[in-house]
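Asker: I'd like to ask some things about the structure below.
Quick note: the coordinates plus some simple rules give every number you see, no bench work behind them. Here the structure is a predicted model, which means the values were calculated and not measured. Backbone-built Cβ (ideal geometry, glycine too); neighbour counts: all protein chains shown.
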Amino acid sequence: MRGVADAIPDPDPDLAKTFVTNWLTLNKAHYYGTYVYMDPMNYPQLRKPGRYRIRAEYSSRGVPSVPGWNGGWLKQEDIDKLPFKAWKGTANSNFISVQVSAPTKKTIEK
């Protein structure tokens with residue numbers, strides 16, 4: 001059995017522990033990605049054959065010192081000591097094109 005509970009942030013958190021348990025850092029020339037399966041059940045517009053353009057939107061709040069928004073109660077003076085400036089904002093990926101074809105007779109028979 002599993003449970004869920006709220007927690008009160010530690011008023012004097014350990015910066016290193018909070019950082020490594022709540023954020024992902026990326027080395028130069030590395031990326032963090034995923035696959036997105038676009039099933040027509042969830043994306044009904046893809047039920048119609050045609051060419052579609054798709055892009056992703058990435059966003060980050062950075063590492064604010066607002067309690068609860070950074071996984072702990074990090075103080076601004078601790079955030080300022082980090083060896084990098086956290087990215088904050090929104091960015092869009094390039095578009096990709098996909099072609100959705102009508103079902104073939106073989107697909108329909110399955």
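Asker: Pulled fully out, how much extra length does the chain show between residue 12 and residue 66, if you take 0.36 nm times their separation in residues and subtract their Cα-Cα distance?
Answerer: 18.1 nm
Asker: How far apart, in nm, are two points set 7 Å out from the Cα along the Cα-to-Cβ line at residue 31 and at residue 85?
Answerer: Between residue 31 and residue 85, the simple spin-label model gives 2.4 nm.
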